[in-house]
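The values are calculated or read from the model by the stated rules, or taken from the named source; none is laboratory data. As the structure is a prediction and not an experimental result, all values here were calculated from the model. Quick reminder, even Gly has a Cβ in these numbers, built from the backbone with ideal geometry, and neighbours come from all protein chains shown. Accessible surface is based on the protein model in full, side chains and every heavy atom, while ligands, DNA and RNA are left aside. Shrake-Rupley method; radii C 1.70, N 1.55, O 1.52, S 1.80 Å.
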Amino acid sequence: MIGTPAAISGRYSTEGQYILWGAMAAVNWINDHGGINCGGKMVKVRLIYRDSQSNAQLAASIAESLITQDHVNFLLSPYGSDLAIAVSPVAEKYGVLMAVVGASSDRIFQQGFKYVIGVASPASHYFWSVLDMVRSIDPSAKTVAILYSDDEFDRYVASGAKTHAQQLGFQVVVYDPYPPTTQDVTSQVLDVKNAHPDIILVAAHYADGQLVTQTLYQQNVTAKLIALTVAPLVPDYYKALGTLAECIVGPSHWEPGVNYSPELAKQKGIDWFGPTRDEFINYFEQVAKQMSGKTVEPGYEAGWAAEGVLVLLYGVQKAGSVDPNLVRQALANSDFMTFFGEFKMNATNGLNVAHSMVVTQWQGGQRVVIWPSSAAQSKPFYPSLTWSQKAAGQLCKP
């Protein structure tokens, strides 16, 4: 059994639902294919979830209840680094292996916890690929403005972006936080406008990311490239903003257009585990339709959650046991691939060292991968259209 104090309601509800649906899609696929081989016996997998309401204290309490009353074998973290940080000591206290999904604050993995493992890149790396791309395609770009929500996850995103930008020779001309629950980011956006940066980076979640985008438009703050975390990766972002979302860039752990495959795993000489990309998308859409009545595509949050499930279950299969110590040891000695990408764990801090981010951009109403070139579905549209051009209905189609 896998338990999770899912953030189904509250400020993380949009992302939290995608997390839950992605995890359920992976569980359903495993069960439809006979379950997991645990020591020669095929066992069905059960996912137990309760709503933590995007509240860290409640998430920790639910996690403890899942362990002590429901006797789950493993945990999936809830969405949000603050929630994952609250739950991590609970997993450690009871010796229950937890896969961190939808949360990537570097601090999660700096506590020396043995039973907490990461399956994707840490927060400080989120904007690295975006900055690398800009430096590669536009050596003349010189200045970067960084806005960030003053919360656990986004502080690490911003700090990592600032450090990497400076390493690449950019000048960081704005570095402004804003309160996570604010409804007004005008003053921060005006700071950016006055600095006239080449590049604007915004470390945000969904709701505040949409707010910052709208404020940039209202204040007519233009740049060669505008990139945000999280928000542009949610399909509702474009539905809410229409053509104003055109050209907006977002770093992603995974996209439906990125095709990791059993053939690629074979070429690399490593195991393949779990559904193919198309199978996962199909299973996700079934779960989302059943639970919400909506037809939606999975974003990276959903893929990330499924990866957490698959990593735990691959460890079970390799260890032939649900013993957390044996599963962790099996994962520390493994190198395998899923639809989400390659997994290879740093045995010291539990992080996946084989995972890398891709860069996406909204082009013609579609979110497409533009970087790295080996994974790209389209070329970057650069420099961006202006807000007035986008408001007039122009599309960012190369």
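Picking from residues in the stretch 112-126 that are surrounded by 24 or more Cβ atoms within 10 Å (Cβ to Cβ) and more than 11 Å from the chain's Cα centre (by Cα), the one that is nearest to G341 (Cα to Cα) is G118. Pairs meeting the criteria (first residue in the stretch 267-295 and without any contact (Cβ under 8 Å) to a residue 60 or more places away in the chain and farther than 19 Å from I36 by Cβ, second residue open to solvent by less than 70 Å² (accessible area, probe 1.4 Å) and outside any loop (DSSP other than H, G, I, E, B), beta carbons under 7 Å, at least 6 apart or on different chains) are K294/A288; T295/E285.
The residue that is farthest from W304 (Cα to Cα), counting only those in the stretch 367-391 that are without any contact (Cβ under 8 Å) to a residue 24 or more places away in the chain and assigned to a loop (DSSP other than H, G, I, E, B), is K379.
In the stretch 300-326, the residues that are open to solvent by 10 Å² or more (accessible area, probe 1.4 Å) form Cβ pairs under 9 Å with partners that are assigned to a loop (DSSP other than H, G, I, E, B) and of a type in the set (D, E, K, R), at six or more places apart or across chains, as follows: P324/K114; N325/K114. Looking across I48, I108, one residue alone is in contact with a Gly (Cβ under 9 Å, 6 or more places away or on another chain) and without any contact (Cβ under 8 Å) to a residue 40 or more places away in the chain. It is I108. Just to be sure I understand the filter: pairs with C-beta atoms under 8 Å, separated by 6 or more residues or on different chains, first member in the stretch 53-80 and free of Cβ contacts under 8 Å to residues at least 60 places away in the same chain, second member polar (S, T, N, Q) and in a loop (DSSP other than H, G, I, E, B). Which pairs pass? Final answer for the pair search is Q53/S9; S54/S9; L58/S52; A59/S52; I62/S52. When restricted to residues that are open to solvent by less than 30 Å² (accessible area, probe 1.4 Å) and of a type outside the set (D, E, K, R), the stretch 236-269 contains 18. For the stretch 194-210, residues that are free of Cβ contacts under 8 Å to residues at least 40 places away in the same chain and either surrounded by fewer than 20 Cβ atoms within 10 Å (Cβ to Cβ) or closer than 11 Å to Y148 by Cα (or both) total 2.
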